[in-house]
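See structure below.
Bear in mind these aren't lab numbers, they're just calculated from the coordinates by the rules spelled out. Remember, it's a predicted structure, so these values are computed and weren't measured experimentally. Quick reminder, even Gly has a Cβ in these numbers, built from the backbone with ideal geometry, and neighbours come from all protein chains shown.
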Amino acid sequence: MQQDAMAREGQSGKPTARFRQGSAIRQLWETNLEVFQRDKMALFGLLIFAVFALVAILAPQIAPNDPLNPLKNNNGDWIKDAMPYWLAEPGEDEAEGYTNTFLLGTTNIGRDIYSQLIHGSRSALLVGFSAAAAVAVIGTVIGLLAGYYGGWVDTILMRAADVAFGIPFIPFIIVISAFFDPSIWNVVIAMALLLWRDTGRVIRSQVLVIKEQAFVSAARVSGASDLRIIFVYIAPSILPLSFLYGSFAIAWAILTEASVSFLGFSDPETISWGYMLQDAFNSLALSREAFYWIVPPGLCIMLTVMAGFFIGRGYEEVLFPRLRRM
Amino acid sequence: MTILSIRDLSVNYATQDGTVQAVDGVSLDLEEGQRLGLIGESGCGKTTLLKAIVQVLPRNGRIAGGKILFKGMDLLQLPAAEMRQLRWREIATIPQASMDSLNPVQRVGSQLTKLLRVRGGYSKKAALKRAADLFDLVGLDTERLTHYPHEFSGGMKQRAVIAMALALEPSLLIADEPVTALDVIVQHQILEVLRELEQELNLTVMLITHDISVVAQVCDSVSVMYAGRIVEQAAAEPFFSSPAHPYSLGLQQAFPNLARPRDVLVSIEGYPPDLREPPSGCRFAERCPFVQEACHDIDPKLEAIGDGRAAACLRSNEMDVLRVQSEDPSLWQRVEVAQGLSLAEDGQPPPKSPPIAMKGDLDAPLPATISAETPPSPSQWGEVDDAPLLELQNVSKRFKIGGGLAGLLRGDKEQTVYAVNNISFSLKRGESLGLAGESGCGKSTTGKLLVKLIDASDGEIIFDGADLAGMDDDSLLTFRSRVQLMFQNPFEALNPRFTLYRSLTEPLIIHGWKDENKRLDRVIETLDRVNLRPAEVFLDKYPHQLSGGQLQRVVLARALVLHPDFLVADEPVSMLDVSVRAGILNTTRRLARELGLATVYISHDLSLLQYTCDRIAIMYLGEIVEIGPSDQVINNPQHPYTKALIAAVPVPDPTIENPPLRIQEGIPRPTEQFIGCPFAQRCPDAMEACLTVRPPQITDENEHTAQCHLYGEHRDSPKLERQLP
């Protein structure tokens, strides 16, 4: 029956039903495509994320050693503070009773830095994407509800946002860490609890503009329910904004995770780039000029954060064309 | 003496998609003391011409050729510094929407004196005196010099802008749409100011507008622009009595005229040509009902046709015959192919025997022509009966402002706005009612109440026996399928992310139409009904791919797709170009008659309401002050406010002088409840009783009701002494 109808349409030259829908999803997909086609920097950002994601997924395969267990030489002693093989004095390793194959050397308790770096991408991306998703989803829903319903709903949600704005971020995470066992999830929870405020406010203001437009009234006059208006009519228009704030949130989350780890509030059993920096700092790596220990995690943090901002900027340029001229 | 002489001026805009020839070979002469009206629809090059004259073209604009001679000087050769000296001092301009150009953080008076001192070399004292004189000249109280722009009403700001333009005694004033977006009474007063100034100062004026009635009221000569060219030049009187170009003919017949109402307005179908690649022949040929073979090949030059008139038309010698023919609206009804979309528009008259018999409608003379295509017969539309479909009883809507937590903290007092105040009327099936009044009179709020976008604070709105206030979800959904709203701005009324098919099918989905094919059939049927043909072409389009007139038809189609019984149209054509307005109105009017649809039109334009409505209600400060059959209200107005509104409507005929307007602009804020008549403050006929006693509603034998003491038991109450403008 359905097929017959489609066939009949096809014969009479009518466009098929699927093609005519012009769904919001397709439009959204086109917006996303536009972002990455227009802006090569955003594409570069996406590429960085793709590479790190691949590394994170394949980490156990790529990493030559276990990142946590100290490496031992033939005598059963830890291989402390080995230089990268391309820097080390030739023959030194044999004298110490091991073969130096370490791309970035070892730590002061004999862990392989290169393997740590690879495993660090897992926690970075995990924190980055889950926190960003949480921030974007919570912020979008709160912004939609506050903007659409207005009145008391708006008052309560926006005063809650004011409170969230008033809480200092890093100290808040430290308090959270004190309540729960140290874990990278503390950062995710803290971001979800606090950082929805920016997204929520921006989305709310956008909803206030859109809901006054005549097509929303038209939907209401046609009998559309509140939920239908919010999710079919308004949400697709503001989703690019959620993506914008989401991609900035990725960068913030990675940066925050690094800061918290560097301050020493992270789980010592999970390797992250921030943790590596803290480890290096505490072991006086700086004074020993062990740049191979400090620079790579720093670079990785910088690259992922930059990727987030590049993508965010791409969205901004599509959303606010006036920025292009600057 | 010739003040301004433009010779063969061409202006190009460089755009991404090629060069647009916005002005193409325009020649124009302006004598001292002449008042020239430059008319044409949007995008025809009027404003570009203005910008070229004062040389403020945007960066991508370039003067491609020609001369602009001002008092013998070629402005195009003038160094920038000298040109700067000329602007304002010799050539003053009032740009579009200039009332918003006053600096909001400076007193209006100091903006004026600063100008006088910097540009005019006045001393401080002389500047103050001159500013006061200027305010006098434009009819503003000199005390207002110390006020800030936000303390001015729209009309006062426009007067201040005129005062500033005149400050340095320019010899030429160019005003671009000086009264567009102003309320009809304010518009009348600004035109009055302009007229007086011209006489007092012997000013040379060039008035740019799309509204031919404004030109008729102010100008002594007319130039018509179309697609970057001037197509007709004439003195005002012959232009209005016997236009000599088909485009001018169409423009005049597209305008509703209170003094000489027409049965059917014409709509100039189609769109101006793409000025990136203008056609080689006549630019109007695509839309011209009198087009001949030769028109597509020969580009007509603007040629003198006697009487000091000129027209660019190959058939200008036959114009007397064509003029008579052009009275037939069906002549203008054509099938157009434009922008890759094939569509048929209609200037078609309603069918000979409307299926719904209505009071007052059967006598209306119906033109002889019938549309070739009869739309599908109405399927599930309602039956005819005499019971009112909609009834309002003492309905009020109040809004509270300045309240809430923020207001409390700021120390604002909560105020009540009486947006709609105790109105009652009823509407039968198939009947159309117009709601008119100045902005802020509550007509749009009434519209929202009728479709239950907002709820009434008091009173009852009964739709087909059911009270709107106490509806459960099911009956509300049924109500939603029977009552629809048509919006003012077609560019906002459709979801930009939906195809037209999606927009049109949404109401059907909401109301449980599960079968995709039935939905598609209904959508196509409805598109066909509003003359978007073939409908299939439009299904895949997004709103931005259509013109304003087409979009408004889609908006109408969406309103009709559920086969409602009642339609509210809020300013349905005010955002559209004059040439396509009539098409929308004709379609709406024809469909309402065919389908027995009850309609409420909301508009500030009385001539439009007279054209479309059986009855008209005049609103003032949330109250209906007069309601009755359209011709009664327009031709025999009872309430002083109605009289004023009608007197203020400019008539597109220079031989008809508007009666003097006897009221001041400015509606008081509707935050107080009046003991007496709300209009008493502005009423020229106010009596003592008006201030203390509520006016009665007096109905005559034509069901024409006015709420005024002039016709009640207090008619002999002593008149109030007050100064009138």
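Per residue of region B:535-550, in order, report the coupling 6.51 cos²θ - 1.76 cosθ + 1.60 (Karplus, θ = phi - 60°) as ³J(HN,Hα) in whole Hz, putting x for Gly and Pro.
Here the 3J(HN,Hα) series is 4, 4, 4, 8, 4, 8, 6, 9, x, 5, 8, 10, 7, x, x, 5 Hz.
Quick one: which residues, 5+ away or cross-chain, put their amide H under 5 Å from the amide H of B:Ile616? H built at 1.01 Å from N.
B:Gly434, B:Gly628, B:Ser630
Return the calculated 222 nm mean residue ellipticity for chain A, to the nearest 500 deg cm²/dmol, obtained by summing -39500 (n - 2.57) across DSSP H runs with n ≥ 4 and dividing by the residue count.
-22000 deg cm²/dmol
Holding the Cα-Cα limit at 26 Å, pick out from B:Lys400/B:Lys448; A:Lys211/B:Lys428; B:Lys46/B:Lys301; B:Lys114/B:Lys157 the pairs that are longer than that. Walk me through the intermediate numbers first.
Numbers: B:Lys400/B:Lys448 17 Å; A:Lys211/B:Lys428 33 Å; B:Lys46/B:Lys301 19 Å; B:Lys114/B:Lys157 17 Å.
The pairs that break the limit, which is 26 Å between Cα atoms, are A:Lys211/B:Lys428.
Relative contact order (percent) for chain B, with alpha-carbon contacts under 8 angstrom and 6 or more residues of separation?
Over chain B, the number comes to 13 percent.
Just how far, in whole angstrom, is region B:658-686 from region B:13-75 if you go by their alpha carbon centroids?
Here the answer is 43 Å between Cα centres.
Amide H neighbours of B:Lys541 under 5 Å, counting only residues 5+ apart in sequence or on other chains, H built in-plane at 1.01 Å?
Distant-sequence amide H within range of B:Lys541: B:Leu500, B:Tyr501.
With a ≥ b ≥ c taken as the square roots of the eigenvalues of the C-alpha gyration tensor of region B:519-588, please select rounded if a/c is under 1.5 and otherwise prolate if a/b is larger than b/c or oblate if it is not?
oblate
As I understand it, the value is the acute angle between the Cα axis of helix A:235-263 and the longest principal axis of the Cα atoms of chain A; what does it come to in degrees, rounded to 10?
Approximately 20 degrees, to the nearest 10.
Could you work out how much longer the chain between A:Glu89 and A:Tyr149 gets when fully extended? Use 0.36 nm per residue separation minus the Cα distance between them, nm to one decimal.
Using 0.36 nm per residue and subtracting the Cα-Cα distance, I get 14.6 nm.
Once the other residues with Cβ under 15 Å from the Cβ of A:Leu263 are scored (Lys, Arg +1; Asp, Glu -1), what is the net sum?
Combined, the nearby Lys, Arg, Asp and Glu give -3.
Which order, highest average first, do A:111-117, B:511-517, B:67-73 follow once you tally other Cβ atoms within 10 Å for each residue and take the mean per peptide?
Values: A:111-117: 24.6, B:511-517: 13.4, B:67-73: 16.3.
So the order, starting with the most tightly packed, is A:111-117, B:67-73, B:511-517.
Give the calculated FRET efficiency between B:Asp474 and B:Arg89 to the nearest 0.05, with a Förster radius of 51 Å applied to their Cβ-Cβ distance.
Result of the calculation: an efficiency of 0.10.
Pairs of Cα atoms under 8 Å, at least six residues apart: use those to get the relative contact order of region B:103-151, whole percent.
56
In nm², what is the average projected area of the convex hull enclosing the Cα atoms of region B:513-556?
Dividing the Cα hull surface by four gives the mean projection, 3.2 nm².
Could you tell me the largest-minus-smallest coordinate of the C-alpha atoms of the protein assembly as shown on each of the three principal axes, in descending order and whole angstroms?
Result for the protein assembly as shown: principal-axis Cα extents of 118, 74, 69 Å.
Explain nothing, just compute: Karplus ³J(HN,Hα) = 6.51 cos²θ - 1.76 cosθ + 1.60, θ = phi - 60°, for every residue of region B:24-30 in order, whole Hz, x for Gly and Pro.
So the J values, rounded to whole Hz, are 9, x, 8, 10, 7, 10, 10.
Rounded if a/c is under 1.5, else prolate if a/b beats b/c, else oblate: with a ≥ b ≥ c from the C-alpha gyration tensor eigenvalues square-rooted, which is region B:103-151?
Taking the square roots of the gyration eigenvalues as a ≥ b ≥ c, region B:103-151 is oblate.
Between A:Gln61 and A:Glu289, take the C-beta separation as r, use R0 = 41 Å, and let me know the FRET efficiency to the nearest 0.05.
Step by step, r from the Cβ atoms, then E = 0.80.
Compute the Cα gyration tensor for chain B, then decide on rounded, prolate or oblate, letting a ≥ b ≥ c be the square roots of its eigenvalues: rounded whenever a/c is under 1.5, prolate when a/b is larger than b/c in the other cases, and oblate in all that remain.
oblate
Compute the distance from the alpha-carbon center of region B:455-509 to that of region B:175-220, in whole Å.
Between the Cα centres of region B:455-509 and region B:175-220 lies a distance of 40 Å.
For n ≥ 4 DSSP H runs only, could you compute -39500 (n - 2.57) per run for chain B, divide by its residues and tell me the 222 nm figure to the nearest 500?
-8500 deg cm²/dmol
Express as a percent, rounded to the nearest 5, the fraction of DSSP beta bridges in chain B (both residues included) that run antiparallel.
65
Please list, in order along region B:559-570, the HN-Hα scalar couplings obtained from phi with the Karplus expression 6.51 cos²θ - 1.76 cosθ + 1.60 (θ = phi - 60°), rounded to whole Hz, x for Gly and Pro.
Each residue's phi maps through the Karplus curve to give 5, 9, 5, 8, 6, x, 9, 9, 10, 10, 10, 8 Hz.
Arrange A:Trp252, A:Trp29, A:Trp293, A:Trp152 by Cβ neighbour counts within 10 Å, fewest through most, would you?
By the 10 Å Cβ count, ascending, the order reads A:Trp152, A:Trp29, A:Trp252, A:Trp293.
Long-range amide H contacts for B:Ile174: which residues qualify at under 5 Å (H placed 1.01 Å from N, peptide plane, sequence gap of 5 or more or a different chain)?
Hits under the 5 Å cutoff: B:Ala92, B:Thr93, B:Ile94, B:Met206.
For helix A:151-166, report the angle its Cα long axis makes with the longest principal axis of the Cα atoms of chain A; keep it between 0 and 90° and round to the nearest 10°.
20
Report the FRET efficiency, 1/(1 + (r/R0)^6), for A:Ile170 and B:Asn202, where r is their Cβ-Cβ distance and R0 is 60 Å, rounded to 0.05.
0.20
How far apart, in nanometres, would the label points at B:Glu688 and B:Val537 be if each is projected 7 angstrom from Cα along the Cα-to-Cβ direction?
Taking the simple label geometry, B:Glu688 and B:Val537 are separated by 7.0 nm.
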